[in-house]
1. Can you pull out every residue in region 93-111 that is without any contact (Cβ under 8 Å) to a residue 24 or more places away in the chain and among the acidic types (Asp, Glu)?
2. Mind listing just one residue for me: the one in region 151-168 that is assigned to a loop (DSSP other than H, G, I, E, B) and either without any contact (Cβ under 8 Å) to a residue 12 or more places away in the chain or more than 17 Å from Val84 (Cα to Cα) (or both) and, of those, least open to solvent (accessible area, probe 1.4 Å)?
3. Out of (1) over 20 Å from Glu41 (Cα atoms); (2) out of contact with any helix residue (DSSP H, G or I) (no Cβ under 9 Å at 6 or more places or on another chain), what's the single condition that is false for Asp144?
4. Within region 69-91, is there a residue that is open to solvent by 20 Å² or more (accessible area, probe 1.4 Å), of a type in the set (Val, Ile, Thr) and part of a loop (DSSP other than H, G, I, E, B)?
5. Could you check how many residues of region 123-150 are within 21 Å of Val71 (Cα to Cα), surrounded by fewer than 17 Cβ atoms within 10 Å (Cβ to Cβ) and not charged (D, E, K, R)?
6. Could you check Met120 against (1) within 18 Å of Phe162 (Cβ to Cβ); (2) among the hydrophobic types (A, V, I, L, M, F, W, C); (3) touching a helix residue (DSSP H, G or I) at 6+ places or on another chain (Cβ under 8 Å) and say which number it fails?
7. With aliphatic (A, V, I, L, M), crowded, with 24+ Cβ neighbours inside 10 Å and either under 23 Å from Phe55 (Cα atoms) or at pLDDT below 90 (or both) as the only criterion, which of Val106, Val96 stands out?
Amino acid sequence: MRPIREAFLGTATALIALLACTPAAAAAGTDSHSGHDKGKERVITLTGRLAQQSFFPVNPNGPAAQGDRTVFRSVLLDEDDNEVGETGGTCTTTRVTDGGAEECIVTYNLPGGQLSVQGMLFNIVPGPPGEFDNGITGGTGEFDQARGWVHASPIKDGKRLFTIHLKH
């Protein structure tokens, strides 16, 4: 079993990739609708790859603790592996027992605007987490009234597939 701190790093990576996918669809990936069709759903599919990650423990030389924080940046890729955006975010440890848990907040910088996503990740130990869903809480530009969710699934080579479900 990996130490909980290492598991949390994998979780943050997964979330970043997940969240970043939503707005990038305009530039690449699968995009089923235009940005502001009222009452419509827009589905965007992207791949995320961790680019940078730092860990800030509450107890630098001790065990994992509530309040440990991971800061990350990921690149978002379309179906042809072209870079179409990036994400930046933080995950904070909320539970270190029973598989662990983190609360994550991520911003996606994409063509047409930004997208905000947040939610809880569970069972992150030994990590990284399997599939998970997080909520879209808002956006800017083309995504200014965005709501919906992002579904993340692990794929090969440490990447994640993100399916973004936007509702306007």
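1. Hits for region 93-111 are Asp98, Glu103.
2. The selected residue is His168.
3. In the conditions (1) over 20 Å from Glu41 (Cα atoms); (2) out of contact with any helix residue (DSSP H, G or I) (no Cβ under 9 Å at 6 or more places or on another chain), Asp144 misses (1) alone.
4. no
5. Selection size over region 123-150: 6.
6. Only one criterion is unmet by Met120, namely (3).
7. Val106
The values are calculated or read from the model by the stated rules, or taken from the named source; none is laboratory data. Please read these numbers as outputs of a predicted model, since none were measured by experiment. No Cβ is skipped: glycine too gets one built from the backbone with ideal geometry, and neighbour counts run over all protein chains shown. Side chains included, ligands, DNA and RNA excluded: accessible areas come from the protein's heavy atoms. Shrake-Rupley method; radii C 1.70, N 1.55, O 1.52, S 1.80 Å.
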